[in-house]
Every structure is written in structure tokens, then in C-alpha cells.
Amino acid sequence: MSLPEKTRLLDSLFASSRLLPLLNIERMADVLPLADALSAGGISTLEITLRTPLGIDAIALLRAERPALTVGAGTVLDASQFAAVQAAGAAFVVTPGVTQELLEWGCDASIPLLPGIATASELMQGYRLGYRRFKVFPAEIAGGVALLKAFAGPFRDAAFCPTGGVTANNLGAYLAQPNVMAAGGSWIAPPQLIAAGRWQEITALAQAAVSAGQRA
């Protein structure tokens, strides 16, 4: 699959849902009820991070038990992790930053890479290879909505998924930007609610985020 084809695939993944909840899995028993709670709230695209040792197993479980969901892998730091999540069935890969190794691996992989950037120079590393879709992290610290507006000038065909500091309060402002294809964060499924198994509250947060996205 070429990079333009992967760009079109990412666009199609986020066309129906412009939200990307970032999920850190501490217990395998939480995986399916958490996914079901988010799905009930209207969110069908998830990012399982590798911030815990259970991330890869959680991706494989969701691919087997909830095939209707689109499950990506986040916090991928090197090529070996990229290979592992691809083998587990991840539909896409998200990184917090860029390295030449990851960018080159993403060119050859069978699934799309959404490389993380925070500066124009990092963006240009990926842009030179043909990447046109990027994660912006940490979005608020790096400049937030003002940064995305600035990127729109020189990088007119690039689109972004900001994470890091995105909350229910500023979600609408991010999604209102023409070059933002989606926005992500952990506020949709806070760790304390997951730990307590408060699935109905997570569904309510998902519904509120979906409504905010539709208004943007």
C-alpha cells in the first residue's frame, strides 16, 4: 500500500468518527467492557497505547472479539513495537514523535502510520517522504489551535490529529480547524473511571464528545 493510499485510508477511518480515545490498559478484564462502553457512546475508533505491558494483548483481543471496531496502536517507539502491533492486528499506528527508522518503517508497512510531530521541522521530515497526516503532540504545550492555524499556511495538504492537553473544554476549538481530521485524549475514558468499572459514565462522556464533534 502506497503512502497516498494510506492517507486515504486514514481519512476514511476518521470520516465517521473524529474522536480518538487514548486507552491505557491496566487489566485485561477491562478491555471488552471499556470498548463496549465507548461503542455505546458512538465511538468506534480506539487507540490502545503501549504505555502498559498489556497493550499488544489488548489489541489482539479486540481484533478477535470486537472486529467491528477500528483499533489502532499508540505510543509506538521503535520498529520492533511497530512490527508487534501490526502482527497483533492493529489497523493503524500512532507515535509520539518521529525517527527516521519509524518513518521508513511506516512507508513499507501494510498499515498506516500517523507520526507524531510538534514542530514544522519534524513535520517536514515526514512530508519529504510523502506523509500528509500527522499527530500533533503535545498539542497544547506545542501551541494548540494557534500552531495548527500556522501549519495551515505552508502545509496546505496536511491534516492533523492533536493529542496532549485536548479536553472536553477545548475539543470544539480543535475540531473547528479545517486541517484537523480528528482529536484524541484520555478524557473520554479517564483511568479512574476505568479502574472503577464505571462504564455508563464513560458512555456518557463518549456521547458528549461525539455531540461536540458534530457541532464543530
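Brief remarks follow.
- Our coupling estimate for region 70-80, obtained by passing each phi through the Karplus curve with A = 6.51, B = -1.76, C = 1.60 and θ = phi - 60°, is 9, 10, x, 10, x, 6, 7, 10, 7, 5, 5 Hz, Gly and Pro reported as x.
- With each label modelled as a point 7 angstrom along the Cα→C-beta vector, the Ala68-Ala15 pair spans 2.0 nm.
- Region 157-172 - phi-based ³J(HN,Hα) in whole Hz, Karplus 6.51/-1.76/1.60, Gly and Pro as x: 9, 9, 9, 9, 10, x, 9, x, x, 6, 9, 4, 6, 10, 4, x
- Over region 43-132, the hull volume per residue, using the convex hull of the C-alpha atoms, is 96 Å³.
- Cα centroid separation - region 82-120 against region 1-35, whole Å: 13
- The value for the chain of Rg(Cα) / (2.2 N^0.38 Å) is 0.94.
- Sulfur and carbon atoms: percent of accessible area, region 133-203 [1.4 Å]: 57
- Placed amide H near Lys135: partners under 5 Å, 5+ positions off or other chain: Gly116, Ile117, Cys161
- Sites listed here are trypsin sites (Lys or Arg not before Pro) in region 3-67 whose DSSP assignment is loop and whose Cβ has at most 15 other Cβ atoms within 10 Å: Arg27, Arg51.
- Between amide H atoms placed 1.01 Å from N, distances below 5 Å from Val94 occur with Ala73, Gly74, Thr75, Val76, Leu114, all of them 5 or more places distant or on a separate chain.
- Hypothetical label at Asp157: residues of region 123-143 whose amide nitrogen lies under 16 Å (7 Å Cα-Cβ projection): 124-134
- Taking a ≥ b ≥ c as the square roots of the eigenvalues of the Cα gyration tensor, region 1-100 is oblate, since a/c reaches 1.5 or more and a/b is not larger than b/c.
- Of all accessible heavy-atom area on region 3-59, the percent that carbon and sulfur account for (1.4 Å): 55
- Prolate/oblate/rounded label for region 119-216 (Cα gyration tensor, a/c 1.5): prolate
- Residue separation of Glu26 and Thr119 scaled by 0.36 nm, minus their Cα-Cα distance, works out to 30.3 nm of gained length.
The values are calculated or read from the model by the stated rules, or taken from the named source; none is laboratory data. Note that the structure is a prediction, hence the values are computed from the model and not measured. Positions of Cβ are backbone-derived with ideal geometry, glycine not excepted, and every protein chain shown enters the neighbour counts. Note: accessible area is taken over every heavy atom of the protein model, side chains too, but ligands, DNA and RNA are not part of it. Shrake-Rupley method; radii C 1.70, N 1.55, O 1.52, S 1.80 Å.
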